[in-house]
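Q: One structure is given below, represented as structure tokens, and several questions about it will come after.
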Amino acid sequence: MPNNSIKTPHFASFFPIIGWLKTYSREDVNGDLFAGVITAILLVPQGIAYAILAGLPPQLGLYASILPPIVYALLGTSRTLSVGPVSIAAIMIASALAAPEIQALGEPLQSALILSAESGVMMLMMAVLRLGSLVNFISHPVLAGFTSGAALLIIGSQLPQLGGLKTPACGADMACYTDYLAGINTPTALISLASLSLLLFFGKPLTGLLKKARVKLVIITAISKCGPLLTVIATTLAVSHFNLTTQHVAVVGSIPAGFPKLGMDFVDPEKWHLLAPYAAFITLIAYVESVAIAKVTANLRGQKITPNQELLALGAANIAAAISGGMPVAGGFSRTMVNFSAGARTQMAMLIAAGFLSLAVIFFSQWFADIPKSALAAIILVAIFRLVRIKHIFHTWNYDRADGIAEVVTLLGVLVLGIEEGIALGIVLTIASHLRKTSQPHIAIVGRVPETEHFRNIKRHSVETWHHLLLVRIDESLTFTNISFIEDYLEAELRRQPNTKHVILIFTSVNDIDTTALEALELFNQSLLATGKTLNIAEAKGPLLDKLEKTDFIEQLKPGKLFFRTEDAVKALG
């Protein structure tokens, strides 16, 4: 009995599904079944659309929506995250496959499978090394700028599809654009217009009408999320009935029926080496987006997400995608919110969705052949448009100028330089901005609030001061990056207050002092002693004192002292 109580939790920690299956109820079944059906309805058009967006055969999006979600359901800690093809990863895949060195290799299908496998391996390695915290180097402004930039790229790539046009290559020649736009395919444009109208109607207008009719919220969610599927069905029937393929309306084309053969076609050392940088960026973005989405829905229900286990689950899901012939996968925001809103209680909903999609791939794949690409482009545009967050840039800029600059630069970098270069530029800029901030920490000369033991900034409060005491509060740890700035500040204050006899450094916000900073403090203390002044430390934290006690710094302070409270220092030295 004791042994079982020890082993079971350990095993279950790798397979969270064991935990929720133990308490699975009839109520859970009802919620998961309904959510699974609704999510499956969304998976079909999105899977095909995102595969085409990535420049891949449509079946890769469908295959990526079957086995990877099943694997994630076994290993993931989020009960509602919907794993599969996502728009941002799709445009990153397209960018990778369009690189000259990758195109020279040929076989884009194999390259896509390698990206799936490499992303999975990288996530597993990060999980083993417990490196989930590395994604914290991507700040929210950088991620927002990247997302907006990538969304704009997606929109730009899909607009020509609405008119049956290829991506223009006119540059700045406006006359060329006039001739280019004259080549719009009328049936394709009409299909696009009808698709956009239907999709937009299934948004706020239909939702508003259903709410006025007092329809239950779960029913409203189900009906409103059927828009993409109904759009695909209606436009496909139109193409078939009017034989629009003879009028050059681009369609998906035939999709192989049944499951792909499981295999290891992605094993190619040369291609792995060349594709590794692209896979690294896909890994980073896929993990950050997935965990962020998973946390949103988990917090709404008071549940917890384990980031390192998410790395394991997403890594295994991507390897499953590679083995089953699918493109790289991640947690999709729109699908996850549909799954959540439709009442999903556990990952059983995604298992059900994957089951329905499997039936569609086996028995109905021939029905997908006449899906017009313009309808899929419309679905992508409606889904992606909300990711362009220009207002967020202004909000960030007003709150923190450095973060605002990072967001703008990332967005422009993605548009001008490319996806990988843009996000790399944003990360570098954010780190540089952080280093600049830490190299110039906030420092305050403080005084005592009358009739209290509280000490506050003399520039913000009416406080009492002493001509022979210089009380300085440093609001940052002391490191090699900022110690010169701090020294210059203290020396300037001593020149401004020549009557100072005792300098009291208040360390309430100092968590650490590195070796460079410690040596600088020792030299500063020696210079004070040479002029008959003392250096004193107040309110240093225990862990910091433990470090200082390993040196002779405290002995060097004498006759300066360490004080538990700033008030104690004022009483002793005042």
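Q: Counting only residues that are of a type in the set (Ser, Thr, Tyr) and over 16 Å from LEU198 (Cα atoms), how many does the range 222-260 have? I'd like the intermediate steps shown before the answer.
A: Start the filter on the range 222-260 by keeping residues that are of a type in the set (Ser, Thr, Tyr), which leaves 224, 231, 235-236, 240, 245-246, 254.
Remaining after also requiring over 16 Å from LEU198 (Cα atoms): 240, 245-246, 254.
Qualifying residue count for the region: 4.
Q: Need the failing condition index for LEU471 against (1) of a type outside the set (D, E, K, R); (2) over 15 Å from ALA540 (Cβ atoms); (3) part of a strand (DSSP E or B), just the number.
A: Only one criterion in (1) of a type outside the set (D, E, K, R); (2) over 15 Å from ALA540 (Cβ atoms); (3) part of a strand (DSSP E or B) is unmet by LEU471, namely (2).
Q: Can you tell me which of ALA432, ALA383 is part of a helix (DSSP H, G or I), surrounded by fewer than 19 Cβ atoms within 10 Å (Cβ to Cβ), at pLDDT below 90 and of a type in the set (A, V, I, L, M, F, W, C)?
A: Values: ALA383 fails: surrounded by fewer than 19 Cβ atoms within 10 Å (Cβ to Cβ).
Result: ALA432 is the single residue among ALA432, ALA383 that is part of a helix (DSSP H, G or I), surrounded by fewer than 19 Cβ atoms within 10 Å (Cβ to Cβ), at pLDDT below 90 and of a type in the set (A, V, I, L, M, F, W, C).
Q: With the condition kept exactly as written, say whether any residue in the range 285-292 is within 17 Å of the chain's Cα centre (by Cα), over 23 Å from THR346 (Cα atoms), assigned by TED's automatic domain parsing to the domain that holds GLY343 and touching a residue at least 40 places away in the same chain (Cβ under 8 Å).
A: Yes, the range 285-292 has at least one match.
Q: Only one residue in THR516, THR531, THR566 is touching a residue at least 12 places away in the same chain (Cβ under 8 Å), surrounded by fewer than 18 Cβ atoms within 10 Å (Cβ to Cβ) and hydroxyl-bearing (Ser, Thr, Tyr), so which one is that? Lay out the reasoning, then the answer.
A: Numbers: THR531 fails: touching a residue at least 12 places away in the same chain (Cβ under 8 Å); THR566 fails: surrounded by fewer than 18 Cβ atoms within 10 Å (Cβ to Cβ).
The match here is THR516.
Q: Which one of these does ILE114 not meet: (1) among the hydrophobic types (A, V, I, L, M, F, W, C); (2) surrounded by 24 or more Cβ atoms within 10 Å (Cβ to Cβ); (3) closer than 16 Å to SER157 by Cβ?
A: (3)
Q: Moving on. Taking the stated definitions as given, is LYS550 in the same structural domain as ASP475 (by TED's automatic domain parsing), among the basic types (Lys, Arg) and buried (at least 17 other Cβ atoms within 10 Å of the Cβ)? Show your work before the answer.
A: Working: in the same structural domain as ASP475 (by TED's automatic domain parsing): yes; among the basic types (Lys, Arg): yes; buried (at least 17 other Cβ atoms within 10 Å of the Cβ): no.
In short, no.
To keep it simple, each residue is scored yes or no on (1) out of contact with any strand residue (DSSP E or B) (no Cβ under 8 Å at 6 or more places or on another chain); (2) closer than 30 Å to ALA322 by Cβ; (3) part of a loop (DSSP other than H, G, I, E, B).
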{"residue": "LEU200", "(1), (2), (3)": "yes, no, no"}
{"residue": "LEU206", "(1), (2), (3)": "yes, no, no"}
{"residue": "THR231", "(1), (2), (3)": "yes, no, no"}
{"residue": "THR235", "(1), (2), (3)": "no, no, no"}
{"residue": "VAL249", "(1), (2), (3)": "no, no, yes"}
{"residue": "PRO256", "(1), (2), (3)": "yes, yes, yes"}
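Q: Something else about it: Being surrounded by fewer than 20 Cβ atoms within 10 Å (Cβ to Cβ) and not in a helix (DSSP H, G or I), is that true of even one residue in the range 483-490?
A: For the range 483-490, residues surrounded by fewer than 20 Cβ atoms within 10 Å (Cβ to Cβ) and not in a helix (DSSP H, G or I): absent.
Q: OK, next. Name every residue in the range 208-229 that is in a helix (DSSP H, G or I) and either loosely packed, with under 14 Cβ neighbours inside 10 Å or not assigned by TED's automatic domain parsing to the domain that holds GLY47 (or both), in order of residue number. Quick ask: steps written out before the conclusion?
A: Filtering the range 208-229 down to residues in a helix (DSSP H, G or I) leaves 208-212, 217-224, 227-229.
The answer is GLY208, LEU209, LYS211, LYS212, LEU217, ILE219.
Q: Another question, then. Could you list, in sequence order, all residues of the range 71-108 that are among the charged types (D, E, K, R) and either over 30 Å from TRP20 (Cβ atoms) or assigned to a strand (DSSP E or B) (or both)? Quick ask: steps written out before the conclusion?
A: We begin by selecting, within the range 71-108, every residue among the charged types (D, E, K, R); these are 79, 101, 107.
Scanning the range 71-108 gives GLU101, GLU107.
Q: Further question: It is to be established whether one or more residues within the range 338-345 are closer than 20 Å to GLY120 by Cβ and surrounded by 24 or more Cβ atoms within 10 Å (Cβ to Cβ).
A: no
Q: Consider ALA292 carefully, then state whether it is over 13 Å from TYR72 (Cα atoms) and either modelled with pLDDT under 90 or basic (Lys, Arg) (or both).
A: Details: over 13 Å from TYR72 (Cα atoms): yes; either modelled with pLDDT under 90 or basic (Lys, Arg) (or both): yes.
For ALA292, the condition - over 13 Å from TYR72 (Cα atoms) and either modelled with pLDDT under 90 or basic (Lys, Arg) (or both) - is met.
Q: In this structure, does GLY55 turn out to be surrounded by fewer than 20 Cβ atoms within 10 Å (Cβ to Cβ), at pLDDT 90 or above and small (Gly, Ala, Ser)?
A: Working: surrounded by fewer than 20 Cβ atoms within 10 Å (Cβ to Cβ): yes; at pLDDT 90 or above: yes; small (Gly, Ala, Ser): yes.
So GLY55 passes the test.
Q: What pairs come out if I take residues in the range 231-247 that are more than 27 Å from GLY203 (Cα to Cα) and pair them with residues that are small (Gly, Ala, Ser) whose C-beta lies under 8 Å away, six or more apart or interchain?
A: LEU244/ALA238
Condition check ((1) farther than 25 Å from ALA150 by Cβ; (2) under 22 Å from the mean Cα position of the chain (by Cα); (3) surrounded by fewer than 20 Cβ atoms within 10 Å (Cβ to Cβ)) across all residues:
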{"position": "LEU274", "(1), (2), (3)": "no, no, yes"}
{"position": "LEU311", "(1), (2), (3)": "no, yes, no"}
{"position": "MET327", "(1), (2), (3)": "no, yes, no"}
{"position": "ALA330", "(1), (2), (3)": "no, yes, no"}
{"position": "ALA353", "(1), (2), (3)": "yes, no, no"}
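Q: For TRP466, all conditions in the list (1) among the hydrophobic types (A, V, I, L, M, F, W, C); (2) in a loop (DSSP other than H, G, I, E, B); (3) under 18 Å from LEU557 (Cα atoms) hold save one; what is the number of the exception?
A: All conditions pass for TRP466, except number (3).
Q: If I go through the range 372-408 residue by residue, how many of them are farther than 17 Å from ILE423 by Cα and of a type in the set (D, E, K, R)?
A: 5
The values are calculated or read from the model by the stated rules, or taken from the named source; none is laboratory data. This is a predicted model, so every value here is computed, not measured. For neighbour counting, all protein chains shown are included, and Cβ atoms are generated from backbone atoms with ideal geometry for every residue, glycine included.
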